[in-house]
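A quick write-up on the structure given underneath.
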Amino acid sequence: ENTTEINLNNYTSYDKLSGTIPPEIGLLTNLTRLDLKGNHVSGDIPPEICHLTDLTFLDLSWNQMTDIPPEIGNLTSLEELDLNNGILGPHTGMAIPREIGLLTNLRVLGLAYNELGCYEYDFTKGWRNDNCIGHCDDTDECSAEIPPEIGNLINLEKLFLMDNHFSGEIPSTIGNLVNLRALGLRTNDLSGSIPPEIGNLNKVHVMSMHYNQLTGPIPSTIGNMQNLGVWHPEYYNPNFDTDFWPA
C-alpha cells in the first residue's frame, strides 16, 4: 500500500500482459500513476478503482477493456485519463458514465478509437451500419450519446472522442470547456447543428468534426475561435496530419 506508481507500459514491446485488472488494485490507496498502455488486458475496469483517490494519471489505452464503471467519477485527482483504443463494444445507452463530469481536474481525456456507440455512418454510401449486431434490446434502441456532464471538465485542454459511433447531438455544454486546445469529434454519427456555444472555445488550435451527420449552418460564433489552425508545438503542427492522432 506504499506503492505510488505502476508502470507496465508495453506499447512498443511484444511482451504483452493479458488477463484482467484484479479488484485488489483498490488496495493501493497511495497510487498516483497507473500505466498499462499497450497490453492485452481485458474485462471490465473494476469498480474498486474508485479507492485510488490520489491517482493523477491513468492510462489503459490500447487494451481490450469492456466497460467504464461509474465509480471512475471518484478519481477526482485525475489530470490525465487515456482510454484511447482501449474499450471494446458495442454499447447502448450512456457508454460514457455521467460521473465523468466529476473529474474536474482533468486536463486530458482520451476516449478515441473505441466502440462506445452502436451505429456507424458510411459517408460514402449514405447508410448507417448497425454495429450492435444483435446487442440492441427489444425496443430496438441502439444509441450512445455524449453526456452533457462533459461540460463540467472546465480544465480540459485535450478532448478526444473520435471514431466511437456516438449518436445524438453535440451537447451545448461543450462551450464550457474554455481551456480546450484540441477537440476531436470526427467519425461518429452525431446529428443536429453545431451549437453556437462552440465559439466560447477561443483557445482551440485544432478541431475535427468531419464524417458525422451534422446539419444546418456553421454558427457565426465560430469566428471567435481565432487560434484555429495556429501553429503550436503541442496542439497543432501543420507539417503533420491536421486530423491529429492523440498521444
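Please give me the summed charge of the neighbours of Leu27: other residues whose Cβ is under 14 Å from its Cβ, Lys and Arg +1, Asp and Glu -1. Could the numbers behind the result be given before it?
Numbers: positive: none; negative: Glu1, Glu24, Glu48, Asp54.
Taking every other residue near Leu27 into account, the sum is -4.
Given the whole protein assembly as supplied and a 1.4 Å probe, what does the accessible area of Glu79 come to in Å², nearest 10?
Surface accessible to solvent at Glu79 totals approximately 80 Å².
Please report the accessible area of Ile170 (heavy atoms, 1.4 Å probe, ligands and nucleic acids excluded) in Å², nearest 10.
It works out to around 10 Å².
Ignoring ligands and nucleic acids, what accessible area does Ile154 show with a 1.4 Å probe (Å², nearest 10)?
Answer for Ile154: close to 90 Å² accessible.
Per 0.36 nm of contour for each residue apart, how much would the distance between Leu27 and Thr3 grow if the chain were fully extended, relative to their Cα-Cα spacing? Each step should come with its number before you reach the end.
Numbers: separation 24, 0.36 × 24 = 8.64 nm, distance 1.00 nm.
Going from the current span to full extension adds 7.6 nm.
For segment 183-228, what does the alpha-carbon gyration tensor say about shape, rounded, prolate or oblate, given a ≥ b ≥ c as the root eigenvalues, a/c under 1.5 as rounded, and a/b over b/c as prolate?
Working: a/c = 2.68, a/b = 1.40, b/c = 1.91.
It comes out oblate by the Cα gyration axes.
Just by accessible area at a 1.4 angstrom probe, what is the order of Arg181, Arg186 from largest to smallest?
Working: Arg181 60, Arg186 30 Å².
Per-residue accessible area, sorted high to low, gives Arg181, Arg186.
Need the full-extension length gain, Ser77 to Asn179, defined as separation in residues times 0.36 nm minus the C-alpha distance. One decimal, nm.
Numbers: separation 102, 0.36 × 102 = 36.72 nm, distance 1.79 nm.
34.9 nm is the gain from fully extending Ser77 to Asn179.
To the nearest 0.05, how large is the calculated FRET efficiency for Arg98 and Tyr14 if R₀ is 41 Å and r is the Cβ-Cβ distance?
Details: r = 38 Å, r/R0 = 0.94.
Plugging the Cβ-Cβ distance into 1/(1 + (r/R0)^6) gives 0.60.
The values are calculated or read from the model by the stated rules, or taken from the named source; none is laboratory data. Everything quoted here is computed from the prediction, not taken from an experiment. Neighbour counts are summed over all protein chains in view; Cβ atoms, including those assigned to glycine, are modelled from backbone coordinates with ideal geometry. Keep in mind that these areas ignore ligands, DNA and RNA; they rest on the heavy atoms of the full protein, side chains included. Shrake-Rupley method; radii C 1.70, N 1.55, O 1.52, S 1.80 Å.
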